[in-house]
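The structure under discussion appears below in the form of structure tokens.
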Amino acid sequence: MKSISSSSSIAVPKFRCFDPSSTYTTSNSNYHYVKSSSSSSLNSMSNSTSTDSGASMESSSKPGRKIVTGDYGYVLEDVPHLTDYIPDLPTYTNPLQNNPAYSVVKQYFVNEDDTVTQKVVVQKYSPRGTHFRRAGPRQKVYFESDEVHACIVTCGGLCPGLNTVIREIVCGLHHMYGVNKVLGIEGGYRGFYARNTIPLTPKLVNDIHKRGGTILGTSRGGHDTLKIADSIQDRGINQVYIIGGDGTQKGASAIFEEIKRRGLKVAVAGIPKTIDNDIPVIDKSFGFDTAVEEAQRAINAAHVEAESIENGIGVVKLMGRNSGFIAMYATLASRDVDCCLIPESPFYLDGPGGLFEFIEKRLKEMGHMVIVIAEGAGQDLVSESMKSMDQQDASGNKLLQDVGLWISEKIKDHFKKSRKMSINLKYIDPTYMIRAVPSIASDNVYCTLLAQSAVHGAMAGYTGFTVGPVNGRHAYIPFYRVTETQNKVVITDRMWARLLASTNQPSFLSEKDVVQFKKEREPPTQLLEGENPVANGKLESKENHL
Ligand SMILES: Nc1ncnc2c1ncn2[C@@H]1O[C@H](COP(=O)(O)OP(=O)(O)O)[C@@H](O)[C@H]1O
Ligand SMILES: O=P(O)(O)OC[C@H]1O[C@](O)(COP(=O)(O)O)[C@@H](O)[C@@H]1O
Ligand SMILES: [Mg+2]
């Protein structure tokens, strides 16, 4: 087996595939894929270039993507590395090696070959599918401790846990890597060029995790790639930690591209933040559990109000612009909710199977009811009856009409006009309350892991990545994977069915709708979509190889 020579003399991480007869070697500017003749023909499905040595160089079909394919339908969607565009970068021994806390830990360092699978439910012959590089400390780092000048910025809407992430980046850099220079950028992206910076020390951030919000402040809009890159370059910053949602990660990606274009040794790491849980790939976003917990208090209040009065209806509006996860999980957790309405599931008010009919039925049965509605639900209905504002916030997100208020008025009007029964409706809008609180214990732990993973990744020279758990294992995920789609509740999946079973509410769907939804459902994100390589004779079953 021959290998293609690396274009630089530096020690490069080696990637060995599942099949012991094939080896990947990462080098400065591309992936070299060396395979034995027995390797699977699945590789022909990606762009590969044969070389004289019989090896093939794998590259992604889209520019800037580092995609490596392996046997049995294995796909690694890798993240960029500083050595991709800066040759001959020196490496250093990871200082953790001499840290008493870690030196005793067996196998503390992540194996270079470790990747995390996106697909855990598999069938006998299914391809192995997409993988991401496993997060964690590497034996070699690309920064010396006193060379690091890091900065942290928080962007977009608030989310419980922001301060914990800030704290753990500062403390992680300091305690694990001996880094002392960390700057806080005030007020989101525009803070890079229009605001002051705050030097962050472990002492300063010591108890910030007990507070809601972000000590750095945040904002929407104001992303100016060139000005931000200038600011990073002028200040001599070489590690940029960017905490924010989908919009923020798009901004981070643009910053990374500009940094790369300028050839700067700057690691750009994204930490995904969104209370809506609308970021794809990762298991869930931090602050989500806290938000669901806090939402319980509002739902409980609505329930107490509703059951204390004849034909009481409690309406609670929760956050969720395009994704109804908070509403769905708060409903499943509470058991006091009779109907949950989310953006992904259209509903209607009048006629058989409609919301009014259900309310009437439930009031007759129980004497009271609680409705939870996500802020993005039923926006089409709202626009039909109210003049659409069609406005956007500074980041370009559509400004929504108050669906909670709208539905409350509609319900009141309906029962007034129909004279069937008199109702007592209380509308509770806790939207900002649920995201302004400090994070709960489980989110604090989660935030700590995210921050530490981001720090390990940047120190190891990875860049242009977002960090997050994929099936419980933290991984480095390329920016494009978390920005090109949004995580949404799939109403033809089991979780939504579980909710319907729990509330016993109508699904508001006809059979035709179900067929349509199934059709529209995002296909699996494998490169091998539609392929069953075994059935097509392109791959032997795994068992035959073992
Ligand atoms: N497509 C984009 N390219 C560059 N920056 C963006 C993009 N979308 C949003 N941003 C910036 O990211 C920041 C946060 O975005 P926003 O949508 O408000 O929140 P979130 O990151 O939570 O989704 C804002 O400063 C905004 O200017
Ligand atoms: O009023 P604001 O601050 O713009 O925030 C409202 C929006 O922020 C969110 O809480 C979260 O959105 P982001 O993740 O984009 O910040 C949405 O649910 C909500 O629509
Ligand atoms: Mg967003």
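The values are calculated or read from the model by the stated rules, or taken from the named source; none is laboratory data. As the structure is a computational prediction, the values presented were derived from the model and not from experiment. For neighbour counting, all protein chains shown are included, and Cβ atoms are generated from backbone atoms with ideal geometry for every residue, glycine included. Side chains included, ligands, DNA and RNA excluded: accessible areas come from the protein's heavy atoms. Shrake-Rupley method; radii C 1.70, N 1.55, O 1.52, S 1.80 Å.
With respect to Ile282, determine if the residue is closer than 23 Å to Asn397 by Cβ, near ligand 1 (Cβ under 9 Å from one of its atoms), among the aliphatic types (A, V, I, L, M) and under 18 Å from the mean Cα position of the chain (by Cα).
It is false that Ile282 is closer than 23 Å to Asn397 by Cβ, near ligand 1 (Cβ under 9 Å from one of its atoms), among the aliphatic types (A, V, I, L, M) and under 18 Å from the mean Cα position of the chain (by Cα).
Please state which of the following conditions Asp289 fails to meet, knowing it meets all the rest: (1) open to solvent by less than 40 Å² (accessible area, probe 1.4 Å); (2) within 16 Å of ligand 2 (Cβ to nearest atom); (3) more than 13 Å from the chain's Cα centre (by Cα); (4) touching a residue at least 60 places away in the same chain (Cβ under 8 Å).
Of (1) open to solvent by less than 40 Å² (accessible area, probe 1.4 Å); (2) within 16 Å of ligand 2 (Cβ to nearest atom); (3) more than 13 Å from the chain's Cα centre (by Cα); (4) touching a residue at least 60 places away in the same chain (Cβ under 8 Å), only one is false for Asp289: (1).
Residues in the range 407-428 that are more than 16 Å from Phe347 (Cβ to Cβ), of a type in the set (Ser, Thr, Tyr) and open to solvent by less than 80 Å² (accessible area, probe 1.4 Å): how many?
Residues in the range 407-428 being more than 16 Å from Phe347 (Cβ to Cβ), of a type in the set (Ser, Thr, Tyr) and open to solvent by less than 80 Å² (accessible area, probe 1.4 Å): 2 in total.
Here are some residues: Gly314, Gly404, Gly324. Which one is away from ligand 2 (no atom under 16 Å from the Cβ), open to solvent by less than 10 Å² (accessible area, probe 1.4 Å) and not charged (D, E, K, R)?
Gly314
If you take the residues of the range 327-343 that are under 18 Å from Phe288 (Cα atoms) and part of a loop (DSSP other than H, G, I, E, B), which of them is most open to solvent (accessible area, probe 1.4 Å)?
Pro343
Hey, any hits in the range 367-383 for a residue that's free of Cβ contacts under 8 Å to residues at least 12 places away in the same chain and surrounded by fewer than 23 Cβ atoms within 10 Å (Cβ to Cβ)?
Among the residues of the range 367-383, not one is free of Cβ contacts under 8 Å to residues at least 12 places away in the same chain and surrounded by fewer than 23 Cβ atoms within 10 Å (Cβ to Cβ), which makes the answer no.
Here are the criteria: (1) within 30 Å of Leu89 (Cα to Cα); (2) out of contact with any Ser or Thr (no Cβ under 9 Å at 6 or more places or on another chain). Tell me which single one Arg211 does not satisfy.
Status for Arg211: all satisfied but (1).
Out of the residues in the range 243-279 that are of a type in the set (A, V, I, L, M, F, W, C), assigned to a helix (DSSP H, G or I) and within 16 Å of ligand 3 (Cβ to nearest atom), state the one that is least open to solvent (accessible area, probe 1.4 Å).
Step one: filter the range 243-279 for residues of a type in the set (A, V, I, L, M, F, W, C), giving 243, 252, 254-256, 259, 264, 266-269, 271, 275, 279.
Narrowing the set further to residues that are assigned to a helix (DSSP H, G or I) leaves 252, 254-256, 259.
Among the residues that remain, those that are also within 16 Å of ligand 3 (Cβ to nearest atom) are: 252, 254.
Working: Ala252: 0, Ala254: 35 Å².
The residue in question is Ala252.
Within the range 218-236, does at least one residue satisfy the condition of being within 16 Å of ligand 2 (Cβ to nearest atom) and under 21 Å from Lys181 (Cα atoms)?
no
Could you list, in sequence order, the residues of the range 422-437 that are at pLDDT 95 or above and more than 16 Å from ligand 2 (Cβ to nearest atom)?
Ile423, Asn424, Leu425, Lys426, Tyr427, Ile428
Of the residues that make up the range 463-475, is at least one surrounded by fewer than 24 Cβ atoms within 10 Å (Cβ to Cβ), hydroxyl-bearing (Ser, Thr, Tyr), over 14 Å from the mean Cα position of the chain (by Cα) and farther than 22 Å from Lys119 by Cβ?
No, the conditions are met nowhere in the range 463-475.
Among what's in the range 109-147 and is under 24 Å from the mean Cα position of the chain (by Cα) and small (Gly, Ala, Ser), pick the residue that is farthest from Gly468 (Cα to Cα).
Gly129
In the range 286-294, is there at least one residue being more than 15 Å from ligand 1 (Cβ to nearest atom) and among the aliphatic types (A, V, I, L, M)?
Yes, there is a match, as at least one residue in the range 286-294 is more than 15 Å from ligand 1 (Cβ to nearest atom) and among the aliphatic types (A, V, I, L, M).
Answer yes if at least one residue in the range 224-231 is in contact (Cβ under 8 Å) with a residue 40 or more places away in the chain and not aliphatic (A, V, I, L, M), and no otherwise.
No, the range 224-231 has no match at all.
If a residue counts only when it is farther than 18 Å from Val268 by Cα and open to solvent by 10 Å² or more (accessible area, probe 1.4 Å), which strands (runs of 3 or more DSSP E) contained entirely in the range 107-168 have at least 2 such residues?
Numbers: elements: 115-117, 129-134, 150-154.
Fully inside the range 107-168 and qualifying: 115-117.
Under 6 Å between Cβ atoms, which residue pairs at least 6 apart in sequence (or on different chains) link something in the range 236-256 that is under 11 Å from Ala269 (Cβ atoms) with a partner that is in a strand (DSSP E or B) and near ligand 1 (Cβ under 8 Å from one of its atoms)?
Listed pairs, sorted by first residue: Ile243/Lys273.
Do you know which residues across the range 387-398 are open to solvent by 50 Å² or more (accessible area, probe 1.4 Å) and either within 22 Å of the chain's Cα centre (by Cα) or under 17 Å from Val315 (Cβ atoms) (or both)?
Once the filter is applied, which keeps residues that are open to solvent by 50 Å² or more (accessible area, probe 1.4 Å) and either within 22 Å of the chain's Cα centre (by Cα) or under 17 Å from Val315 (Cβ atoms) (or both), the range 387-398 yields Ala394, Ser395, Lys398.
Is it the case, given these coordinates, that Leu183 is at pLDDT below 95 and either outside any loop (DSSP other than H, G, I, E, B) or buried (at least 21 other Cβ atoms within 10 Å of the Cβ) (or both)? Lay out the reasoning, then the answer.
On the way: at pLDDT below 95: no; either outside any loop (DSSP other than H, G, I, E, B) or buried (at least 21 other Cβ atoms within 10 Å of the Cβ) (or both): yes.
Spelling it out, it is not the case that Leu183 is at pLDDT below 95 and either outside any loop (DSSP other than H, G, I, E, B) or buried (at least 21 other Cβ atoms within 10 Å of the Cβ) (or both).
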